[in-house]
Structure formats: C-alpha cells, structure tokens
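The next block holds one structure in the form of structure tokens; read it before the comments.
The values are calculated or read from the model by the stated rules, or taken from the named source; none is laboratory data. Fair warning: this is a prediction, and the values are worked out from it, not measured in the lab. Neighbour counts run over all protein chains shown; Cβ positions are idealised from the backbone, glycine included.
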Ligand SMILES: Nc1ncnc2c1ncn2[C@@H]1O[C@H](COP(=O)(O)OP(=O)(O)OP(=O)(O)O)[C@@H](O)[C@H]1O
Ligand SMILES: [Mg+2]
C-alpha cells in the first residue's frame, strides 16, 4: 500500500544501533522540544477554546450554540459537506481510475491539475468563482437573466468547497491503485467479469480503506474551509454563513464567548473526524499487516 | 477444445515478442510451453486468453475465429504466475467468483465450490484469506478458481514458479493427474525442462518469439529439428570442431559447423571398462561434480571439453586421471537443422540382436 504513506505513521521507531543513536541528554531535549511545541501550538489554543466558551457560564454556551444563526450555519456547513464530499468521492475515484489504469494524452496535465487547489491560495480559489459567476463575471449576465444565483448562495459555497477539497481523495487513491496493478482485474476478466463488475467486486474493495481515509480528510477540510468560502458567501447571516464564517462574525462583534462556543462545535466535529480517522488507520494497518 | 493458431505476431514498441507462430492443439492434450526467459511464452498465453491482442494472425477455437472475442466470452481459465487471488475474498468466494459473476443460484455455486474444494484438497480452508495460505495452497485455490466456470481450455503461466522444489514436484504430479481426470485441454508455461518433459503430452519450444519445434517430449529429445532445440534440451555441450573427435574425423561437414554432445552420449572410464576401446580416445578428467544420484565429469579430449555422467557404483576416478572417452553419437547442427551422427568406429565384432 504505497499510497497509504500518509495514512500510516508507525509508532515503532526504526531500530538504530547504539553507535549511531544520540546520547540520552539529546534525546530528552529533542522529545522535550517536540512536546513543548505541541503543547504551546496545539493543545493550549484548543483548551483555551473551551475555557473561553464556558467563561460566561453554561447558559451562555447553550444559548450561543442554539442561536438560530448558529444552527443555520451548522446546517449550511453540513449541507455543503454532504454535497461536496460525495462529489469529490466520485471525481476522485474516476480520476484515480483513469490515471492509474489507462494511457491517454494529457495524463500529466490531469495529474498537475489535481494538485492545483493545493497550490493556489484559498482566497484565489474563491475569487475564480466570483470572476466566473459573479454579477460582473463571465457568466454573470446570463445567470442573472435566468434568475440563477450561484455567488452569495449555496451553489457558490458548494463549488468553492468542492474545488478546494478535490485533491484529497484522488491523491490518496492514485498511488494505491498504481501499486495494485492489473493482475487481479485480469483474473476477474478471464473469469467472466465485465468492466463494471470488475470495478465493484475487485478494484474498489481493494482500495476501500484508502478511499475512506481520503473521504475523512476531504470531509475535515470541507467542514473547516474558510478562505474560499468567505469570498463567495457574502456573509448573509442565517443564510450563507458556514460555521467558520459565523465564528468570525461573532468574534468581530466582540461576542467572544459565543464565538468560542460555536468554535467548540467545530472542534467537536474535528474530534469525531479524528476518531473515525484513527479507527480507519487502525483497520487499514491491520489489513496491511495481513497482506 | 481444439485450438488452432495461425501466424500470430505481437510487437511491443519495436520489440518482436512473438513472431509468426502457428500451431494446433488437439482436444484433451496437456501442452508444455517451454523456452528461455523473455522468449514470448507469457505473451503467447495472454494472446490466447484474449488479454492481449495480436498484431497479426488468427486464433481458432473449435474452428471459430476468436480474435475479436472478449476474454470474458472465450471460456478459457487462466492461472497466473503469482496466482492473482482476490486478496479481500476468502477461499470460498475466490473459487466462487466466476459463478457469482454469472449469477448462478446459491445452491449450485455451493455445490460446485464444494466439489472443487474436494478435488483440490482444500476442504476446511474455505474461510481463510489468501494471506493465510501457503504457496502451494494458494496455487490450488488459483487452480480451483480457474476451473470453477468449467472452461474448455486451461492456461497456466508458470504455475509452480514460486514454489519450492519438493512441493513443486508433488504439485505437478497432482496437476497432471487432475488434468487427465477432468480431461481439459491445457497449456502450461515453464522454463524448467524437467517439468515439461515429465508433465506434458506434447511440448512447444519457443525462443525469441519463434516456435522452434512442436512434438512429444521423446521426439523433441531424440530428434531436435533446430540447433536451438538440440542445445536447449538436455545438458548439452557445444563442440566447435567435431572432426577432431575420435570416430568423427571423416564426418562430412561444411565449414564452421558445430556439434552438440549430451552427457548420456559419452562413455568415460578406465580402458578395460569401455566396450569399444578401439573407438575411444584418451582424455583427462578436469573436474568431478557430485550430482546426487550420479557424478558429472568434465573431461578434456584434445582441444574439446565434454561432459559425461558416471554412476556412483563404478570405481571412482580422480581429477587429473587419464581416461578413455567413447563418444557414441553427436548432433551436427547448422543454423536451421540438427542431424544425429553415430560413431562409425563402434562396430560390434559379434552383433547380438535383442
Ligand atoms: N507489456 C509489455 N511491454 C513491452 N514489452 C513487453 C511487454 N510484455 C512483454 N514484453 C517483452 O516481450 C518479450 C517476451 O515477453 P514474455 O513475458 O512473453 O516472455 P516469457 O517467455 O514469458 O519470459 P519469462 O520466462 O521470463 O516469463 C520480452 O522481451 C519482454 O520484455
Ligand atoms: Mg512469463
């Protein structure tokens, strides 16, 4: 499973003979630096979110979390994720399939394009859609004529999110599928399986853990995406605000407790994702150990 | 299933992997496809299975042209060199795959898989996954899986390559018996000539994409048609100047012709041990190799070096010892032919007819 590099951070250190291992003092210092850094940069801010969220008491927390605007932001975020992630799953599988199984013209271009969203700033990603579909954009007049709203509406947010998160699944699957080769598929063909049956019964089951891992990463990013969505959303309260945008607005209005309370929701979503991710990693590591 | 192949060629980016191969195979025969590495054996097999399409030539199965028939419809079972078992399916599902795909009903699938589990001795392993099996067991699963949809032709690409020598021998005996029980036409690839000779009804020798010879193991062994086959089969030594060998001085040869001698054509021993001392030359033992059941001798005779066998029961010879060397026969080979020549000095004063 070459592609699962990202999915497996083995906890086992590579065995190093004594004569090339650092002295105990250096080891302690290195581990100390790593832990201190982690504490300062990751744990402290995370903890402070909850501290700030509950600063004004539990009531305020509940009130901020159940505020209609917060609820609508949560709904919008989930809605966006529910559309963007399946879209990217289909796209990711199709792209990975095409790239790893066929020779065609423009393959390298496709591979480069898949990485594009990682390479450009999210703000630019958002602007692209404004330039295309905004009132002054290329398709703007036509869309206005037909009364279709993309920018400052759900379709724009979904588009921007999809764009920003589309590399995750394809990137995860391509090396996996390439490493898999065609042998099992040829075996399936010689046993009478047609293209579609081969895909469902052989190809997909072989990459299922990698796929799941890609979906989780894609999901995590889709939930938290700020930059691109911020550009296309228009920040209409209760309508086009996703959770990250809602948090920013609350913060800018000096409603610190409320903003941290909503932020804690996002953290909880992230924690759920992390737990699922660990489960998948554990399962796929088990799978790998068996192979 | 009767197979006929006419003028098949396959070119990979300028490299001729198979060139103008024609042969036909009768129903129920077990064919050994033998040749050196890179000779085009796998390519030929893949073309037959429809996994690769030939650049030229026709393939007929039971008299029907199948060039444009998809692998799914050819009714051919393929056993891959690395088995290519479905990693995420257990033994039962692996074997059942070809039937599940055809949407056979559950009871029928179960019955057929059970039958194959018994046939291949895999009963009790149904629930295991491929990674929980030994090489030999995986090999059997691959075999059972290929047989499940009742193909009419079975293709095996080096089925025993990844298995150690002892199990390999057992498996090939098992395979031969099994194939003759089922009576399925089969072609198996190997580059181990012992394996081919032992198992096959008929052999196809392939080299550099060309079919060198087709025939029974005995006929290939005793009547090699080309220089390549004469040199490839058996443990042959090439002799550059055959006319310098005793007994063959008068053999008529065109310039530069070589000869091939197999160890079993050479008799080596002390003078009194040789049946026709007058036909023997003097040689020196250079090396002696222990080969398990016999000894292999490396002998210098004049300017030539030949290999010979000697039984362990005979009196041992020492390296450096002078011995008598009788060459019973040799193959004179030129580019496209091989002819056997008997030693003319070997005339028995009192011929006995058996
Ligand atoms: N897909 C391919 N692309 C390019 N060249 C190939 C391809 N498949 C095979 N060849 C070439 O064709 C020739 C024949 O290959 P093939 O695999 O048929 O040999 P083989 O007789 O099966 O050898 P081995 O005993 O090593 O398996 C080789 O020189 C090989 O390099
Ligand atoms: Mg091969």
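Among the listed residues B:49, B:84, B:96, which satisfies the condition of being more than 16 Å from ligand 2 (Cβ to nearest atom) and closer than 27 Å to residue B:180 by Cβ?
Details: B:49 fails: more than 16 Å from ligand 2 (Cβ to nearest atom); B:84 fails: more than 16 Å from ligand 2 (Cβ to nearest atom).
Going through B:49, B:84, B:96 in turn, just one is more than 16 Å from ligand 2 (Cβ to nearest atom) and closer than 27 Å to residue B:180 by Cβ: B:96.
Residues are listed down the side, and each one gets a yes or a no for (1) out of contact with any helix residue (DSSP H, G or I) (no Cβ under 8 Å at 6 or more places or on another chain); (2) buried (at least 20 other Cβ atoms within 10 Å of the Cβ); (3) assigned to a helix (DSSP H, G or I):
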residue	(1), (2), (3)
A:78	yes, no, yes
A:82	yes, no, yes
A:90	yes, no, yes
A:95	no, yes, yes
A:109	yes, no, yes
A:129	no, yes, yes
A:141	yes, no, yes
A:179	no, no, yes
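How many of the residues making up segment B:72-94 are within 10 Å of another protein chain (Cβ to nearest Cβ) and more than 26 Å from the chain's Cα centre (by Cα)? Steps first, answer last, please.
Initial filter on segment B:72-94 (within 10 Å of another protein chain (Cβ to nearest Cβ)): B:72-89, B:93-94.
With the extra rule that they be more than 26 Å from the chain's Cα centre (by Cα), the set shrinks to B:72-73, B:86-89, B:93-94.
Of the residues in segment B:72-94, 8 are within 10 Å of another protein chain (Cβ to nearest Cβ) and more than 26 Å from the chain's Cα centre (by Cα).
Whether any residue in segment B:309-323 is in contact with a strand residue (DSSP E or B) (Cβ under 9 Å, 6 or more places away or on another chain), at pLDDT 85 or above and closer than 28 Å to residue B:227 by Cα is what I want to check.
Checking segment B:309-323: at least one residue is in contact with a strand residue (DSSP E or B) (Cβ under 9 Å, 6 or more places away or on another chain), at pLDDT 85 or above and closer than 28 Å to residue B:227 by Cα.
Looking at segment A:52-76, which of its residues are surrounded by fewer than 18 Cβ atoms within 10 Å (Cβ to Cβ) and not in a helix (DSSP H, G or I)?
Within segment A:52-76, A:54, A:55, A:56, A:57 qualify.
Report whether or not residue B:294 is touching a helix residue (DSSP H, G or I) at 6+ places or on another chain (Cβ under 6 Å), more than 21 Å from residue B:240 (Cβ to Cβ) and at pLDDT 85 or above.
no
For the condition exposed (fewer than 12 other Cβ atoms within 10 Å of the Cβ) and under 30 Å from the mean Cα position of the chain (by Cα), what is the one hit in B:312, B:250, B:297?
Within the list B:312, B:250, B:297, the selection yields B:312.
In contact (Cβ under 8 Å) with a residue 12 or more places away in the chain, surrounded by fewer than 16 Cβ atoms within 10 Å (Cβ to Cβ) and closer than 30 Å to residue A:269 by Cβ: is that true of residue A:231 in this structure?
No.
Condition (residue is within 14 Å of chain B (Cβ to nearest Cβ), farther than 17 Å from residue A:48 by Cα and buried (at least 17 other Cβ atoms within 10 Å of the Cβ)) applied to segment A:268-284: is it met by at least one residue?
Checked against the condition, which is being within 14 Å of chain B (Cβ to nearest Cβ), farther than 17 Å from residue A:48 by Cα and buried (at least 17 other Cβ atoms within 10 Å of the Cβ), segment A:268-284 yields at least one hit.
Please name all residue pairs, on different chains or six or more residues apart, with Cβ atoms under 7 Å, provided the first residue is in segment B:36-54 and is under 16 Å from residue B:14 (Cα atoms) and within 14 Å of chain A (Cβ to nearest Cβ) and the second residue is part of a loop (DSSP other than H, G, I, E, B) and more than 6 Å from ligand 1 (Cβ to nearest atom).
B:43/B:52
Yes/no matrix, rows are residues, columns are (1) over 18 Å from the mean Cα position of the chain (by Cα); (2) closer than 18 Å to residue B:65 by Cα; (3) away from ligand 2 (no atom under 16 Å from the Cβ):
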residue: B:2; (1), (2), (3): yes, yes, yes
residue: B:5; (1), (2), (3): yes, yes, yes
residue: B:13; (1), (2), (3): yes, no, yes
residue: B:17; (1), (2), (3): yes, no, no
residue: B:20; (1), (2), (3): yes, yes, yes
residue: B:27; (1), (2), (3): yes, yes, yes
residue: B:32; (1), (2), (3): no, no, no
residue: B:45; (1), (2), (3): no, yes, no
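Of these, B:109, B:95, which one is without any contact (Cβ under 8 Å) to a residue 24 or more places away in the chain and in contact with a helix residue (DSSP H, G or I) (Cβ under 7 Å, 6 or more places away or on another chain)?
It is B:109.
Being out of contact with any helix residue (DSSP H, G or I) (no Cβ under 8 Å at 6 or more places or on another chain) and buried (at least 18 other Cβ atoms within 10 Å of the Cβ) is the filter here; which residues of segment B:182-197 pass it?
If the condition is that a residue be out of contact with any helix residue (DSSP H, G or I) (no Cβ under 8 Å at 6 or more places or on another chain) and buried (at least 18 other Cβ atoms within 10 Å of the Cβ), then B:185 is the only one that fits.
Could you identify the single residue in A:210, A:156 that is within 14 Å of chain B (Cβ to nearest Cβ), buried (at least 22 other Cβ atoms within 10 Å of the Cβ) and either without any contact (Cβ under 8 Å) to a residue 12 or more places away in the chain or in a helix (DSSP H, G or I) (or both)?
On inspection, the qualifying residue turns out to be A:210.
When residue B:169 is evaluated against the numbered criteria (1) in contact with a strand residue (DSSP E or B) (Cβ under 9 Å, 6 or more places away or on another chain); (2) farther than 23 Å from residue B:126 by Cβ, which criterion, by number, is the only one it fails?
Here residue B:169 meets the rest and fails (1).
Examine segment B:136-155 for a residue that is within 16 Å of ligand 1 (Cβ to nearest atom), within 14 Å of another protein chain (Cβ to nearest Cβ) and surrounded by 16 or more Cβ atoms within 10 Å (Cβ to Cβ), and state whether such a residue exists.
Yes, some residue in segment B:136-155 is within 16 Å of ligand 1 (Cβ to nearest atom), within 14 Å of another protein chain (Cβ to nearest Cβ) and surrounded by 16 or more Cβ atoms within 10 Å (Cβ to Cβ).
Any residue in segment B:113-126 that is in a loop (DSSP other than H, G, I, E, B), free of Cβ contacts under 8 Å to residues at least 24 places away in the same chain and surrounded by 14 or more Cβ atoms within 10 Å (Cβ to Cβ)? Show your work before the answer.
Our first condition is that a residue be in a loop (DSSP other than H, G, I, E, B); within segment B:113-126, this holds for B:121-126.
Adding the requirement that they be free of Cβ contacts under 8 Å to residues at least 24 places away in the same chain leaves B:121, B:123-124.
Now restrict to residues that are surrounded by 14 or more Cβ atoms within 10 Å (Cβ to Cβ): none.
No; the residues of segment B:113-126 include none that is in a loop (DSSP other than H, G, I, E, B), free of Cβ contacts under 8 Å to residues at least 24 places away in the same chain and surrounded by 14 or more Cβ atoms within 10 Å (Cβ to Cβ).
Read through the list (1) touching a helix residue (DSSP H, G or I) at 6+ places or on another chain (Cβ under 7 Å); (2) at pLDDT 90 or above, then give the number of the only condition that residue A:187 fails.
For residue A:187, the exception is condition (1).
Since residue B:160 meets every condition but one in (1) within 16 Å of residue B:30 (Cα to Cα); (2) part of a helix (DSSP H, G or I); (3) more than 14 Å from every other protein chain (Cβ to nearest Cβ), which condition does it not meet?
Of (1) within 16 Å of residue B:30 (Cα to Cα); (2) part of a helix (DSSP H, G or I); (3) more than 14 Å from every other protein chain (Cβ to nearest Cβ), only one is false for residue B:160: (2).
Within the bounds of segment A:168-183, is there any residue that is within 9 Å of chain B (Cβ to nearest Cβ), touching a strand residue (DSSP E or B) at 6+ places or on another chain (Cβ under 6 Å) and under 29 Å from residue B:149 (Cβ atoms)?
No - not one qualifying residue is present in segment A:168-183.
Out of the residues in segment A:190-207 that are out of contact with any helix residue (DSSP H, G or I) (no Cβ under 9 Å at 6 or more places or on another chain) and more than 10 Å from every other protein chain (Cβ to nearest Cβ), state the one that is surrounded by the most Cβ atoms within 10 Å (Cβ to Cβ).
Among those that are out of contact with any helix residue (DSSP H, G or I) (no Cβ under 9 Å at 6 or more places or on another chain) and more than 10 Å from every other protein chain (Cβ to nearest Cβ), it is A:200.
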